[in-house]
Amino acid sequence: MSDPPQISKRSSSGSERLWLSIPNALTFFRLILSFVVCAFISVGWYMIALVAFAIAALTDALDGYAARTLGQSSAFGRQLDPLVDKIMVIVILAQLSSAIASKLLPWVVTIIVTRELVVQALRSQVEGRGIPFGARWSGKLKTMSQFLAIAAVLLSLALPKLPGATPLRDLSLWTALVLTAYSGWVYLVIAWKVLKKSPVA
């Protein structure tokens with residue numbers, strides 16, 4: 001008969017490793033930076049906000065690389081990483097929309113937020129049935145385009161007289177909007193097929 005205290009200890013140790021893994025630590029750090037960026041935006045420190053956002057975006061690439069190279073990929077990480085990306089995009093866009101000079105229209109933010117919430121709900125449903133539902137290329141391109149759009153908006157706010165800043169902002173926002181809608185449709189189709197094949201018991 002196995003010793004109950006040892007089982008409990010192993011379970012606790014596994015849970016601790018899950019929370020303290022390097023990829024998840026980077027993801028949590030990105031979450032914290034998201035609100036730091038919002039704080040800088042709220043006081044008009046747009047260049048500092050841009051630098052902080054660039055660091056946050058860099059951790060998005062690093063946590064995935066760390067998970068692959070260190071063998072620390074998990075179902076928890078697969079849900080945490082895109083969830084934090086969504087939180088970061090939503091809270092920063094919401095903060096930016098309050099700045100009149102950003103020219104960020106509310107309906108653009110609404111479409112992006114709606115897509116993110118719907119896809120996150122679908123991911124939770126699929127992963128809840130024990131089926132991996134990681135990021136697709138369309139989703140990765142969407143996230144990259146959203147990050148670039150946020151960076152372009154921050155740049156246009158920090159350096160409004162910089163030649164090309166306004167066209168770059170508008171182009172990046174429209175690109176992000178199109179890719180957001182497209183990737184949302186891709187995830188919806190994939191999730192629908194998966195959920196049909198794996199009904200709730």
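The values are calculated or read from the model by the stated rules, or taken from the named source; none is laboratory data. For clarity, every value in this text was computed on a predicted model and none was experimentally measured. Neighbour counts run over all protein chains shown; Cβ positions are idealised from the backbone, glycine included.
What about residue 113, is it touching a helix residue (DSSP H, G or I) at 6+ places or on another chain (Cβ under 7 Å), among the hydrophobic types (A, V, I, L, M, F, W, C) and buried (at least 19 other Cβ atoms within 10 Å of the Cβ)?
Numbers: touching a helix residue (DSSP H, G or I) at 6+ places or on another chain (Cβ under 7 Å): yes; among the hydrophobic types (A, V, I, L, M, F, W, C): yes; buried (at least 19 other Cβ atoms within 10 Å of the Cβ): no.
No.
Within the stretch 121-140, is even one residue at pLDDT 90 or above and surrounded by fewer than 19 Cβ atoms within 10 Å (Cβ to Cβ)? Step through it out loud before you land on a result.
First pass over the stretch 121-140, keeping only residues at pLDDT 90 or above: none.
No, the conditions are met nowhere in the stretch 121-140.
Every residue, every condition in (1) under 20 Å from residue 91 (Cα atoms); (2) in contact (Cβ under 8 Å) with a residue 12 or more places away in the chain; (3) not β-branched (Val, Ile, Thr), yes or no:
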residue	(1), (2), (3)
144	yes, no, yes
161	no, no, yes
187	no, yes, yes
196	no, no, yes
Exercise for the section: Scan the stretch 114-154 for residues that are aliphatic (A, V, I, L, M) and assigned to a loop (DSSP other than H, G, I, E, B) and jot them down. Expected result: 131, 135
Practice task
Evaluate the stretch 157-174: report whether one residue or more is more than 30 Å from residue 48 (Cα to Cα), among the hydrophobic types (A, V, I, L, M, F, W, C) and surrounded by fewer than 20 Cβ atoms within 10 Å (Cβ to Cβ).
Solution key: no
Handout entry: Filtered residues of the stretch 74-95 (kept if farther than 21 Å from residue 170 by Cα and surrounded by fewer than 17 Cβ atoms within 10 Å (Cβ to Cβ))
Key = 74, 75, 76, 83, 87
Completion exercise
Residue pairs qualifying under the 7 Å Cβ cut-off, at least six apart or on distinct chains, with the first in the stretch 96-118 being closer than 17 Å to residue 175 by Cα and free of Cβ contacts under 8 Å to residues at least 40 places away in the same chain and the second being in a helix (DSSP H, G or I) and hydroxyl-bearing (Ser, Thr, Tyr), are 106/97; 109/97
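Residue 98: more than 25 Å from residue 183 (Cα to Cα) and among the polar types (S, T, N, Q), yes or no? I'd like the intermediate steps shown before the answer.
On the way: more than 25 Å from residue 183 (Cα to Cα): yes; among the polar types (S, T, N, Q): yes.
So residue 98 fits the description; yes.
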